Amino acid sequence: MIENANQQAEPLLNIRGLSVEYLVGDTRLRAVDRVSFTINKGETVGLAGESGCGKSTLAFALAKLHKPPALIAEGEVLYKGQDVLAFNDEELRRFRWKETSVVFQSAMNCLNPVISINEQVCDVLSAHNPTMNRNELQDRAGELLKIVGIHPDRLNQYPHQFSGGMRQRAVLAISLALKPQLIIMDEPTTALDVVVEREIMDQLSELKEQFGFSILLISHDLSLMGEITDRIAVMYAGKLVEIAPTEDVLFKPQHPYTKGLINSFPHLFGEKKELTGIPGNPLSLYSPPAGCYFEERCSERIHRCKSVDPKLVTLHTGHKVKCHLFSQS
């Protein structure tokens, strides 16, 4: 019984000290710097931050999709206790799509414009289930489109015949083809209007309840995450600076950078407030400082921020923050 309890408590995905670097000439730029967090079974975790903070780089690393000049410098990505980074080619092939699928930014760029939606869905199915015959492939492809709200009659159409929202739904259908337990969604509603964006998020919530998969939702939009996530992790310049339950991040943020992100978005309720934004420019990875990466832009900085990199400390109820204002040492 104790062993079963431990197995149930084990996270679906456990990211430990993950670092990703880009080789630029003789220089190694660290785009993801020793990031650690978990995703539990059936949980939705948001990954937020400005453009260029390392969100997409991290997403690629989780499925080991990087190619030179990017390389994974250190760390582990444990899926059900097994290190994805140690998988051979065959193990990776089985892991991708069947266990974890990735919905990339911009659905039109993900879909092949000269191949029908039908062929693109069937390609994924047949690659991992070679025993399926043509009729079985067609039935399953039609079923997948129906699940995401597209009539199966449109199966033989091409991506350019779909609207932006329908293309995003088609990509979501492909990601669900092999019933994965984790879906990584990188800015899934980019370039969609707010009405379609809401429809996609509502449908994603319904599908999660129906199939029980976990989600890593990557976005710069904290208001979007507030509707669907259980926890939110915030990144700045490749480092994880805060992670906590969604309500705590949105209403009781602790890190100055998280506060700046939240103040950059208008509130739907309450008094009207002037949007303040975050002063300064994002950090250049060519010349990272010895201390806190956010120090130059921070209105709450103290003397030690300039020379000492803060540690990620736990405050309460799992709320973690990387800031000297909360450091115990």
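Can you give me the angle between helix 194-211 and the longest principal axis of the chain, using Cα atoms only, in degrees from 0 to 90, rounded to the nearest 10?
70 degrees
By the scheme Lys and Arg +1, Asp and Glu -1, what is the net charge of all other residues having a beta-carbon under 15 Å from that of Gln181?
+3
Residue by residue, what Karplus-based ³J(HN,Hα) values in Hz, rounded to whole numbers, does the range 228-233 have, using 6.51, -1.76 and 1.60 with θ = phi - 60° and x for Gly and Pro?
Each residue's phi maps through the Karplus curve to give 10, 8, 8, 9, 10, 10 Hz.
Quickly estimate the mean residue ellipticity at 222 nm for the chain, helices only: each DSSP H run with n ≥ 4 gives -39500 (n - 2.57), and the total goes over all residues, rounded to 500. Before the final figure, lay out each step's value.
On the way: 11 runs with 101 residues, N = 329.
Value at 222 nm, helices only, nearest 500: -8500 deg cm²/dmol.
Sticking to Cα atoms, compute the Rg of the range 10-131 to one decimal and its Dmax as the biggest Cα-Cα distance, whole number, in Å.
Calculated on Cα positions, Rg and Dmax stand at 16.0, 48 Å.
Could you please rank Arg94, Arg169, placing first whichever residue has the fewest other Cβ atoms within 10 Å of its Cβ?
Numbers: Arg94 13, Arg169 23.
Going from least to most buried by this count: Arg94, Arg169.
Counting other Cβ atoms within 10 Å, which GluC sites (Glu not before Pro) in the range 204-251 have at most 16 and lie in a DSSP loop?
For GluC sites (Glu not before Pro) across the range 204-251 that sit outside H, G, I, E and B with at most 16 neighbouring Cβ atoms in 10 Å, the list reads Glu227.
Calculate how steeply helix 134-147 sits against the longest principal axis of the alpha-carbon atoms of the chain, using the helix alpha-carbon long axis, and give the answer as 0 to 90 degrees to the nearest 10.
With both axes taken from Cα atoms, the answer is about 50 degrees.
For His66 and Arg28, calculate 0.36 nm times their separation in residues minus their Cα-Cα distance, and state this gained length in nm to one decimal.
Working: separation 38, 0.36 × 38 = 13.68 nm, distance 1.51 nm.
The span from His66 to Arg28 would gain 12.2 nm if fully extended.
Report the FRET efficiency, 1/(1 + (r/R0)^6), for Thr131 and Ser205, where r is their Cβ-Cβ distance and R0 is 56 Å, rounded to 0.05.
That pair, Thr131 with Ser205, gives E of 0.95.
So what does the Cα-only Debye profile of the range 146-246 read at q = 0.19, 0.21, 0.25 Å⁻¹, as log10 I(q)/I(0), no solvent term?
Summing over Cα pairs of the range 146-246 leads to -1.01, -1.19, -1.52.
Round to the nearest 10 and give me the degree value, 0 to 90, for the angle of helix 117-128's Cα axis relative to the longest principal axis of the chain.
The angle comes out at about 80 degrees.
What list of whole percents do you get for P(r) of the range 240-320, with Cα-Cα distances grouped in 5 Å bins up to the one holding the largest distance?
3, 13, 20, 22, 19, 14, 6, 2, 0
Quote the Stokes-Einstein diffusion coefficient, in whole µm² s⁻¹, for the chain, based on the Kirkwood radius over alpha carbon pairs, a temperature of 37 °C and a viscosity of 0.692 mPa s.
155 µm²/s
Between the DSSP loop rule and a limit of at most 10 other Cβ atoms within 10 Å, which chymotrypsin sites (Phe, Trp or Tyr not before Pro) in the range 261-329 are left? Mind showing how you got there, number by number?
On the way: sites: Phe269, Tyr286, Tyr293, Phe294, Phe326; in loops: Phe269, Tyr286, Tyr293, Phe294.
Those that pass, being in a loop and sparsely packed, are Phe269, Tyr286.
Obtain the nm distance between the two label points defined at His316 and Leu275 by a simple spin-label model: each point lies 7 Å from its Cα along the Cα-to-C-beta direction.
3.2 nm
Give a residue-ordered list of calculated ³J(HN,Hα) values for the range 172-178 (Karplus: 6.51 cos²θ - 1.76 cosθ + 1.60, θ = phi - 60°; whole Hz; x for Gly, Pro).
With coefficients 6.51, -1.76 and 1.60, one gets 5, 4, 5, 5, 8, 3, 10 Hz.
Which residue fluctuates most in the GNM of the chain (Cα springs below 10 Å): Arg16, Arg304, Arg30?
Looking only at Arg16, Arg304, Arg30, the largest GNM fluctuation is found for Arg304.
Report the charge-dipole magnitude of the chain in Debye, nearest 20, computed about the Cα centre from +1 at each Lys and Arg Cβ and -1 at each Asp and Glu Cβ.
Taking the Cα centre of the chain as origin, the dipole is about 540 debye.
No value in this document is a laboratory result; all are computed from the given coordinates. Given the structure is predicted, the values throughout are model-derived calculations rather than measurements. Every residue, glycine as well, gets a Cβ built from its backbone with ideal geometry; the counts of neighbours run over all protein chains shown.
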